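Everything on this sheet refers to the single structure shown next.
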Ligand code: SAH
Ligand code: SF4
Ligand code: F3S
């Protein structure tokens, strides 16, 4: 009798990684593996890694060593994702018990790599050379998210921002055909999903290889798929953000009232050093298009503080920008030097403590902005999609179209299921969430 093939997969990083894992799980299952809940029960342990900040590679090695200590003989290890691509064969030197190392641009070769793994090979690599134009499409995607169907429409990145590893870890920018995207959207709808999130490192840099649809047209077409009630997309790059995206949101009710548009810095001087290819003014022009929409489009962003050479004056410009845009959500990060990136050669004389101070200043300011923004929802009734529950507090957890977290109480004995929609009256507001009751 053949022994059962089992695997355990742990995922870190962005939504693209989360969705890649759904595709990897589906591929493994198709190859006869069964997913288990713990490392102990698994024959194959896979680690889907992220390399975006903070010595990510060291953390991966620590984790692998820990796994190894706890789970002695007979197990095999695979490192996937951005650290895998970044460190490549060095992983075998540092962690000799690892048998497979693959970056995301090589996942389409996974079935073949798994056959080699089963044949006992111990140094299998799937590493990208920024040459491939192929995307990873599979009909076997094992969707793990109960309420949101992810679809990757563009992979890789060609932007080479001075601080960023992604162009080195995820390969060349390459888009999927829009017919294939729409076919997947219909499949997702048939499976019962009502929310779709289109994904790409720069989702709006999408260029249909078949030349049939622009990004905005694809967005609208996905929004018109029967059964779909909410469409989100992330992340938008300001340089490629065009007015027709806002027009599509205005025209198609299922497109959510939310745009995530990472600015990184409010100083044109720093933006230039970052190689972002837009100025503060260009960015604010795009914001003005979004604000001129008929729909109440919520705007969120990412900020990096402490990029090499950032002065107090640059930081003030970022603070001014926060106040001008009035974001509903800001993800703030301390600059962290990453392997291979041009910024690594710049003089990084800002101390960790100073970076931490700058980040705190930004987040404190933003908290006040959000307090005011969120307070405007008091008394409103809004549609919330249920994502889960917090039984201890007797609350249901969900999200508004604007992507704001909403915690609410519900008179029903049985909490509404993830993926269902509830009308909620907002009775209290906080800087990061809304609270209310189902009506
Ligand atoms: N493609 C998206 C962002 C992808 S990475 C874009 O261009 O907007 C997600 C976020 O991580 C970035 O927006 C940036 O704010 C942050 N980030 C990326 N590299 C970083 C680094 N080296 N140090 C600190 N933050 C970083
Ligand atoms: Fe990184 Fe810039 Fe590409 Fe975004 S656009 S993934 S920040 S290189
Ligand atoms: Fe991390 Fe790679 Fe995503 S570095 S943020 S997992 S693209």
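No lab work stands behind these numbers, since they all come straight from the coordinates. Quick caveat: nothing in here was measured; it's all calculated off a predicted structure. Cβ: placed from backbone, ideal geometry, glycine included. Neighbour counts: every protein chain shown.
Computed quantities for the displayed model
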| read-out | value |
| --- | --- |
| 20 Å reach of a label modelled at residue 352, 7 Å along Cα-to-Cβ, counting backbone N of the stretch 41-69 | 51-63 |
| Burial ranking of peptide ranges 98-110, 178-190 (average Cβ count within 10 Å, highest at the top) | 98-110, 178-190 |
| Volume in Å³ per residue [convex hull over Cα atoms, computed for the chain] | 162 |
| Förster-model FRET efficiency, 45 Å R0, residue 115 and residue 62, C-beta, rounded to 0.05 | 0.90 |
| Helix-only mean residue ellipticity at 222 nm for the chain, each DSSP H run of n ≥ 4 adding -39500 (n - 2.57), per residue, nearest 500 | -10000 deg cm²/dmol |
| Ranked by how many other beta carbons lie within 10 Å on average, peptides 227-237, 26-36 from highest | 227-237, 26-36 |
| Counting DSSP beta bridges with both ends in the stretch 148-375, the antiparallel % (nearest 5) | 10 |
| Peptide ranges 299-308, 122-131 listed from the most packed, as the mean C-beta count within 10 angstrom indicates | 299-308, 122-131 |
| Gain upon complete extension [residue 180, residue 40; 0.36 nm per residue less C-alpha separation] | 46.6 nm |
| Principal semi-axes in Å for the stretch 5-126 [√(5λ), Cα gyration tensor, largest first] | 19, 17, 14 |
| Antiparallel DSSP beta bridges within the chain, percent to nearest 5 | 30 |
| At R0 = 25 Å, FRET efficiency that the Cβ-Cβ distance of residue 427 and residue 368 yields, to 0.05 | 0.70 |
| DSSP beta bridges in the stretch 5-126 [antiparallel fraction, %, rounded to 5] | 0 |
